[in-house]
Amino acid sequence: MTRSIIANLFVVLLCAQVTSAQQSITPTSDALPGTKKLELTKPLHEVMVHGISQFAEQELQTAREKRTAPWLNAEDSDTAKEAARGRLREMIGAVDPLISNPGLWVTGDNTNNDLSGDVPNSVISTLMLWQVAEGISMEARVFTSEVPDVNGMPSFPPKGKFVVLLQDPGESIQANSKVAERIARSGVDVVCPVLVNRGTEFSMHPDIRRTNMTHREYIYRLGFNLGRHVIGYEVERTLALIEMLKSPKGEKEDSPPIVLVGIGEGAVIAQYVAALAPDKFDAVVLHGYFGPRENVWQEPIYRNVWKQLTEFGDAEIASLIAPTPLIIEAGKAPEIAGPPEPKPGQAKIAAPGAIKSPQLSAVKEEFERAKKYCTAAGHAKKLHLIEKPSQVCGRETIAILNKTLGLELKNPDQKSLKEFKDQEVDEELYQAQQKRLVRELVRHTQRLLASSDKVRAKLWKGVDRSSVEAWEKQSPKYREMVFDSFIGKLDHDPSDPNPRSRKVIDEPTHVGYEVVLDLYASKDWSEENPGVIAGGILLLPKELKKGEKRPVVVCQHGLEGIPMDTITLDESLRAFRAYKGFATQLVKRGFIVYAPQNPYKGFDDFRVLQRKSNPLGRSLFSYIIPQHQQTLNWLASLDYVDAERIAFYGLSYGGKTAVRVPPLLPGEAMNGDVGYCLSICSADFNEWIRKNASAEDRYSYIYTPEYEIFEWNMGHIANYAELSWLMAPRPFMVERGHDDGVAPDEWVGWEFAKVSRHYTKLGIKDQAEIEWFDGPHSINGDGTFKFLHRHLNWPEAN
C-alpha cells in the first residue's frame, strides 16, 4: 500500500514537471522582463521626431565649429584650394562642361533715355548666349553707354569697364532695371544675367498638375536626384558669360576690369561663382546675403545643398574667393514669407521656406570668421564689411573699388537720379524669357534622366557574379559607396539601449509591448529632451516555450503611419485597407513580430529633418538605419529570439525602407551587430529614379507634396535594382498589386528583371521573387507569407 502511494506520487511529480516544461514563458507583466516601465505621455512618433530634430540642429552647430578651411594650411595651398573648388562644384551640380565658343545673338526692345547732363545715357538690350553647355543657354540684359550701331544695337562685348550684376529674381523688372541703370551711371557697362525667377507659371505639366512651386524649386526638384541643382545651372551660365567678357587673347591684363555684384538670391549665385573662379574678377560685392548658414533649412528648399556645411560655410567660401577683393554689404535682402500662395487651379505642394535679411550681428559674426582665414593667408586687407550701406554698390562700395582697383567710378548725383525714368520693360518679353529658360533646364534634366541608367551600369560594371563568395567580397565596397553618396552615415557610437516598455495589447493568442530604446541618449531624458530614440511594438505569441528561439518578422508601416496601423484588424479603419493587420496575422502564425515606429510622420515636422540633415551629407535614413541596428541588437538579446532569423517586411514608405535598411546592414553578425536575414518590399518597388526626376509622368514625385523624398545624385549611383543587389545572397522579395498607383507594372518589371538576373548569375535564383496580384496599394500576404515561412524555416499551420 505504501509502495503504491509512493509510486503514484512519483508519477504526479513527473507529470507536473513535464507540464511545467510545456507551459508558456510569454511575459504577462506590465513591462517586459529586463526593461524599465515606460512612461510616455506623448505619441511615440512625436517624441522621436522631436529628438532627431534637436540632434540635427546640434550637429549643424558642431559642424560649424569643426570647419577650418584646411586648404589654407596645406603644404601646397593652391592645389588644395583647387581640390576644394572641385568638391564645391560637385556639391552644387556645376559639373557640365562649358562650350568654349558659344553662339551669340543680340536682340531686344532697346530703350534710350534722353537725359541732360554729363552722365552718359544708357541702352537696354537682350544678350542671348546659346549653348553655354550642351542644352543650356543663357540670356542677359545689358546697360551700356556705348553708342549703338546703325541697327540700334550695341556691339558685344562693349569696350568699357564691366559690372556683372546678379539681381534677385524675385524683385520686379522695373526695380531691377532701376538698380542696374544707377550702377551703369557710375561709369561702367552693366550686364545682368536673367536668373530663374520665383514665378510659378511654368512649374507644371498640363496633363499632370499645375503647382505653386516657384520655378527655382521646380528645377531644384528635377535636378536633385540627377546630381544637378538650380544653383549649379546659374553658376555655369554666369561663368560662360564671364568668358564672353574676357579679352579674346584670354590674358587678364588685356581684359577690362570686371566686378561681380550679387543681390539677395543673386548674391547666392555670385558667392559660388567667385569661389570657383576668383581670378576672373577684379572684385566681388555681395549685398543682402552673407552670414551663418546653419539655418539654411528655414530658407527656400532651392538653397539646400547636399554636404555643403561639412566644409563650406560663407566664411570658408570667402577664403576661396581671396585674394580677390570681397566687399560684404550688410544690406536688406528681398524678403519672402514663404512659397507663393496657389493661384486658382494650382496644387499647394511647395516646400516651406522664408527669406529674411541677415541680422547685422550674424553678418559680423561670419565676417570675423572669414577675416581670420584671410588674415592667416595674408589677405586681410582684401576683405571689407559695410555695415550700413546706403544702397547696392553705393558710395561706400564705389570708394573701395576706386581705391582698390584704381578706378574712377562716379557717384551719380541726386538730380540725375530724380530725373531717372523707370524703364518700361516688356512684361510679355520677360515671361517669354522665363519660359525659355525653365523649359530648357527641364529638357536638360530629362536628357540626364534618359541616360542615367547607362551611367549606373558603367559604375557597377565591375561586379563579379562568378560566385556568391566573390560577390560578398565586393559588396562592402558598393555598400559604402551608397552610404557616402546619398544616404549618409552617422559617426556616433550608440548609447546603451536602456530599454523601457509597457503592455499595450493582451489578446488570447498574443501580447504586445510598446518599447523605447535609446540610440543617442540625452543627459537628462524627458519628452522635451529625448535624444535620438528607437521604438515600436513587440508582439509575442502566448505559447512561447522555455529554451525555444523563434524567428522574428519586422513589420514596417508606411508614410504618416504608426506601428498600430500594421496591427489593427478593425476593417472600418483606413489603415486596415492598406495593411490588412499583417503584423497580427503573422504573430498568429507563431512568428515573433516587431512593428517599429519610423520617423516619417508629422508632415513638415518630419520633412524638415531632411532639410536639417542634407547640408551635412545626411538623410532621413541616416537616423533610420542606426535605429534599426539598435533595435536588431536588442531583439537578438531576448532569450526567445533567433538572431539569425530576423526578417523585414515593409509597405509603401516601409518598402522604401526595405531597399535601404536591410541591404545596408550586415548580413551576418559583425562586431556584435545583427542584420536582417531577408527583406520584402511591398507597394514601393519601381523605377525609382524616373519616379523622382520625370517631368512627364503622372507617377512622379515632382508634382506631389513629398519635397523630402529627393536623394542627391542617386540617379547616377544606384536605383532600386542596385540597392536590392546589396541584399544578396540573402533572400529578397517584391509584392506588387496591378492597381498600385505608385508606378506602372512596366516600371516594376523593368527594375526587378535586373534583380532577378543578379541572383540568377550568382546561382541563387530561388532567393529572389516577385508576386503580382490583382489589387491596390496594399499588403496581399499570400506569396510573401509563404516566402517568410520557407526562408525562416517556420512551419505553416495545417
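Taking a straight Cα-Cα cut-off under 21 Å and skipping sequence neighbours fewer than 8 places away in the same chain, the lysines within cross-link reach of LYS280 are LYS81, LYS159, LYS161, LYS246, LYS249, LYS252, LYS381, LYS382, LYS403. Hey, for a label at ASP506 modelled as a point 7 Å past Cα toward Cβ, could you say which residues of the stretch 551-588 have their backbone N under 13 Å away? The answer is none, because no backbone nitrogen lies closer than 13 Å to the label point. Taking the C-alpha atoms only, the angle from helix 215-224 to the longest principal axis of the chain is near 50 degrees.
By other beta-carbon atoms within 10 Å, ranking TRP747, TRP525, TRP306 with the fewest at the front produces TRP525, TRP747, TRP306.
Can you tell me which of 727-737, 338-348, 376-386, 687-697 comes out highest on packing, and rank the rest after it, using the mean Cβ neighbours within 10 Å? Could you put the intermediate results ahead of the total?
Values: 727-737: 25.1, 338-348: 13.8, 376-386: 16.5, 687-697: 21.5.
Per-residue mean Cβ counts within 10 Å order the peptides as 727-737, 687-697, 376-386, 338-348.
Measuring spread by the Cα atoms of the stretch 463-791 yields a radius of gyration and Dmax of 18.8, 58 Å. Scalar couplings 3J(HN,Hα) for the stretch 701-708, obtained by applying the Karplus form with A = 6.51, B = -1.76, C = 1.60 to θ = phi - 60°, are 6, 4, 10, 10, x, 7, 6, 8 Hz; x denotes Gly and Pro.
Using r as the Cβ-Cβ distance of THR26 and GLU706, and R0 as 35 Å, what FRET efficiency do you calculate, to the nearest 0.05? Before the final figure, lay out each step's value.
Numbers: r = 40 Å, r/R0 = 1.14.
My answer for the efficiency is 0.30.
Label separation (VAL468 vs ASP745): 3.2 nm, computed from points 7 Å beyond Cα along the C-beta direction.
Averaged over residues, the count of other Cβ atoms within 10 Å places the peptides 65-75, 501-511 in the sequence 501-511, 65-75, highest first.
Counting only alpha carbon atoms, the long axis of helix 230-245 and the longest principal axis of the chain meet at about 30°. Here the stretch 274-322 and the stretch 519-558 have alpha carbon centers that stand 43 Å from each other.
In order along the stretch 672-688, phi translates into HN-Hα couplings of x, 8, 10, x, 7, 8, 7, 9, 10, 9, 10, 6, 8, 4, 5, 7, 5 Hz, rounded to whole numbers, per the Karplus curve 6.51 cos²θ - 1.76 cosθ + 1.60 with θ = phi - 60° and x for Gly and Pro. Size descriptors for the chain (Cα atoms only): Rg and Dmax, in that order, 31.2, 137 Å.
Of SER495, SER652, the sequence from fewest to most neighbouring Cβ atoms within 10 angstrom is SER495, SER652. The dipole here belongs to the chain: it is taken about the Cα centre, uses +1 on the Cβ of Lys and Arg and -1 on the Cβ of Asp and Glu, and is about 1060 debye.
Sorted from fewest to most neighbouring beta carbons within 10 Å, what does the list PHE773, PHE710 look like?
Numbers: PHE773 17, PHE710 25.
Ranking PHE773, PHE710 by Cβ neighbours within 10 Å, fewest first, gives PHE773, PHE710.
Near the amide H of ALA647, within less than 5 Å, lie the amide hydrogens of VAL552, VAL553, VAL554, CYS677, all on another chain or at least 5 residues away, with H placed in the peptide plane. Helix 604-613 and the longest principal axis of the C-alpha atoms of the chain enclose an angle of approximately 70°.
Would you calculate, for the chain, the mean residue ellipticity at 222 nm contributed by helices, counting each DSSP H stretch of 4 or more residues as -39,500 (n - 2.57) and dividing by all residues, to the nearest 500? Don't skip to the end; give the middle numbers.
Working: 23 runs with 287 residues, N = 798.
Value at 222 nm, helices only, nearest 500: -11500 deg cm²/dmol.
The stretch 474-512 to the stretch 698-777: how many Å between their Cα centroids? Using only Cα atoms to place each centre, the spacing works out to 22 Å. For VAL132, list long-range residues whose amide hydrogen, built 1.01 Å from N in the peptide plane, is under 5 Å from its own amide hydrogen. Those qualifying (amide H under 5 Å, at least 5 residues apart or on another chain) are SER137, MET138. Beta bridges per DSSP, both residues in the chain: antiparallel share near 50 percent. For the stretch 467-475, putting each phi into the Karplus relation 6.51 cos²θ - 1.76 cosθ + 1.60 with θ = phi - 60° gives couplings of 6, 4, 5, 5, 5, 5, 6, 7, 4 Hz, in residue order, rounded to whole numbers and with x for Gly and Pro.
Each value in this text was obtained by applying a stated rule to the coordinates, not by laboratory testing. These numbers were taken from a predicted model, which means no experiment stands behind them. So basically every Cβ, Gly included, is an ideal-geometry build from the backbone, and we count neighbours across all protein chains shown.
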